[in-house]
1. In nanometres, what is the gap between the two model label sites at residue B:34 and residue A:89, each 7 Å from Cα along Cα-to-Cβ?
2. Of the candidates B:17, B:113, B:25, which one comes out as most mobile in a Gaussian network treatment of chain B with C-alpha springs shorter than 10 Å?
3. Using only DSSP helix segments of four residues or longer, with each worth -39500 (n - 2.57), what per-residue ellipticity at 222 nm results for the protein assembly as shown after dividing by its residue count and rounding to 500?
4. Could you tell me the center-to-center distance, by alpha carbons, between segment B:71-129 and segment A:34-59 in angstrom?
5. For helix B:22-34, report the angle its Cα long axis makes with the longest principal axis of the Cα atoms of chain B; keep it between 0 and 90° and round to the nearest 10°.
6. Once a ≥ b ≥ c are taken as the square roots of the eigenvalues of the Cα gyration tensor of the protein assembly as shown, is the result rounded (a/c under 1.5), prolate (a/b larger than b/c) or oblate (a/b not larger than b/c)?
7. In nm, what does the list of distances from residue A:93 to its counterparts in the other copies look like, shortest first, when each label sits 7 Å along Cα to Cβ?
8. If I build a Gaussian network model for chain A, linking alpha-carbon pairs within less than 10 angstrom, which residue out of A:63, A:87, A:101 has the largest mean-square fluctuation?
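No value in this document is a laboratory result; all are computed from the given coordinates. These numbers were taken from a predicted model, which means no experiment stands behind them. Note that we place each Cβ from the backbone using ideal geometry, even for glycine, and neighbour counts take in every protein chain shown.
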DNA sequence: GCTTCATGTTTACAAACGTAATCGTTCCGT
DNA sequence: ACGGAACGATTACGTTTGTAAACATGAAGC
C-alpha cells in the first residue's frame, strides 16, 4: 500500500521533518525546481550528473516521503511528488546550523571567514554591498 | 591580516584527511582550544554537555587519528593529542561546501538569505560593513 | 607482589546513508 | 491475449556515524 498516512493538515508542512541527507537534498532541488515530478523526471535531472540509476532515485523519494519532506499524490499507478517543505526553509535551516555549529551563531564570522579565504568574488562583494545599503536604509 | 597570502600555510597538513563528522568536530574544537590534550581532558570539556562517556571520546579520538586529522604523541603510556588540521581550514572548507551545495557557490546568496531571514544582527551588519570596506581598499 | 586504576585497542551494534537489485503488478503495444 | 516496459514496494548490502563495552596492559599504591 501507499504508506502516505494522510493527516494532511497544512501545505508546506512547517513541522518537524527529519533531517534530509545530501543525496536526498539533490532530489529535493529537482522537486523545488519543477514543482511536481515523477520519479523518472527526477532521474532525468540528476541521474547523469550524480551517476545514479533510477532505482536510487526511487529509494530517495521513498525516504523523503517517509521523512514527510515530500508528498506523493497517486496518479494512475504512479506518483507525482511535490515538496512539503520550502526551499528557503531548508537552506535557512542548514545555514543556521552551520553558523551555529562553526561560528557560535555569529553570521558575521562566517562572512569574515569567506572573505579571508577569498571565497568571495567581486560579484559577491558588490551584491553584498548593495544588500547592505538596502538593509541600512 | 588581510588576504593576498597565496603561498602561506605549507606545513599544517593541508593533505587529504577524510571528512570529519559532527561528533568528531566537537572533539576537534577542544583540541583547537587547548592545543594539546589527553583523552581525559577532552572529556572534561565535552562529556557533560554532550552526555558522553570517556569511551566515546576515545573512539572519536581514534577515528580522528585514523583520518589523519589529529596527531597522537606518546607520553608515557598515554597519548597527547593535537590537531593536524587548522580550525580555519576546517571551517573554511565546511563553509564552502555549504555555499556550493545550497547557493551554487554564490556566497552573496547566502548573505542574502541570512539577511532575508533576519538572521543578521546589527553587530553582524556593522562587522560585515567594516570588512567590506577593508576588502575594497 | 597483588589489586586497582588509568589508558589505548578491539570489538560491538543500531541507525543513517549511498546505491542499488529484485519482486509484484499493471499498462501498453501488437 | 501476451510479452515486455514501467512503477512502486521490498529487500539488500557495504560504509559511516554515534555511542559505547570489553579487553589488555602498564603504573601506582599498599
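1. According to this spin-label approximation, the distance is 4.1 nm.
2. In this elastic network of chain B, the residue with the biggest mean-square fluctuation among B:17, B:113, B:25 is B:113.
3. Details: 12 runs with 160 residues, N = 274.
Computed mean residue ellipticity for the protein assembly as shown: -18500 deg cm²/dmol.
4. What the calculation gives is 31 Å, centre to centre.
5. Computed tilt is about 90 degrees.
6. On the way: a/c = 2.05, a/b = 1.31, b/c = 1.57.
Oblate, since a/c reaches 1.5 and b/c is not below a/b.
7. 2.7
8. Between A:63, A:87, A:101, it is A:101 that shows the largest mean-square fluctuation.
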